[in-house]
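Student: The structure that follows is given in the form of structure tokens.
Computed from the coordinates by the stated procedures, all read-outs in this text should not be read as laboratory data. Since this is a predicted model, take the numbers as computed values, not measurements. Here the Cβ positions follow ideal geometry from the backbone for every residue, glycine too, while neighbour counts run over all protein chains shown.
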């Protein structure tokens with residue numbers, strides 16, 4: 001009886017190690033985003049997704065460790081009772097933009113009222129008023145609470161008609177200008193708070209090893 005139990009235990013241990021080896025080999029084969037799809041088709045019990053780490057937005061120890069890894073490298077974290085792997089799929093730099101705005105709602109004000117407010121905001125800014133104060137006073141959406149700050153964004157994150165003049169306008173920090181999006185009745189005064197920056201990003205496959 002003891003020999004049978006011992007044999008069974010050894011068999012189970014070997015099976016688990018073999019399964020772990022197969023899982024890691026399958027994970028090692030992942031080199032591209034297309035490979036990620038194939039990986040999950042072969043490992044249906046595995047739970048995971050591709051996530052993006054941004055050098056400006058993410059400052060955790062884990063993010064620092066991942067930015068230090070080469071493409072194709074993987075790192076495991078022991079999240080009991082299951083192990084979680086992070087594998088670097090892509091590393092690249094991408095242009096990001098940072099602006100602050102005064103948003104004016106065309107559903108609530110006429111175009112004449114909007115233009116009068118924008119003229120006043122731009123004049124006060126050029127006189128030396130802080131744009132954060134002007135946004136807090138005049139902006140008509142939640143950005144007013146942040147002094148107009150839109151945060152860092154990349155092309156494709158926001159409405160294309162909002163992004164277009166920012167991406168293509170060759171503006172420098174502290175430049176002030178207007179943007180109109182009549183089809184959604186959105187009107188803006190915009191200040192470039194920082195010039196375009198190329199920011200490091202990493203695409204990582206985060207996957208938890210399936211339970212045995």
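Student: Tell me, what does the Kirkwood hydrodynamic radius of segment 65-126 come to in angstroms if you use every pair of distinct C-alpha atoms?
Tutor: It is 16.9 Å.
Student: Let me ask something else about it. Given that compact globular proteins tend to follow 2.2 N^0.38 Å, what is the ratio of the alpha-carbon Rg of segment 137-204 to that value?
Tutor: 1.20
Student: Just to confirm the number: angle between the C-alpha axis of helix 2-28 and the first principal axis of the chain, 0 to 90 degrees, nearest 10?
Tutor: Tilt of helix 2-28: around 30 degrees.
Student: Please give the helix 111-127 orientation as an angle from the longest Cα principal axis of the chain, in degrees from 0 to 90, rounded to the nearest 10.
Tutor: The answer is roughly 90 degrees.
Student: At a 10 Å Cβ-Cβ cut-off, how would you order 185, 93, fewest neighbours first?
Tutor: 93, 185
Student: Using 1/(1 + (r/R0)^6) with R0 = 30 angstrom and r between the beta carbons of residue 145 and residue 184, what's the FRET efficiency to the nearest 0.05?
Tutor: 0.90
Student: Please report, in whole Å³, the volume per residue of the convex hull around the C-alpha atoms of the chain.
Tutor: Cα-based convex hull of the chain, divided per residue, equals 174 Å³.
Student: With a point put 7 Å past each Cα toward its Cβ, work out how far residue 133 is from residue 31 in nm, to one decimal.
Tutor: About 5.9 nm separates the two model spin labels.
Student: Share of Cα-Cα pairs in segment 95-198 beyond 17 Å, in percent?
Tutor: For segment 95-198, the share of Cα pairs beyond 17 Å comes to 48 percent.
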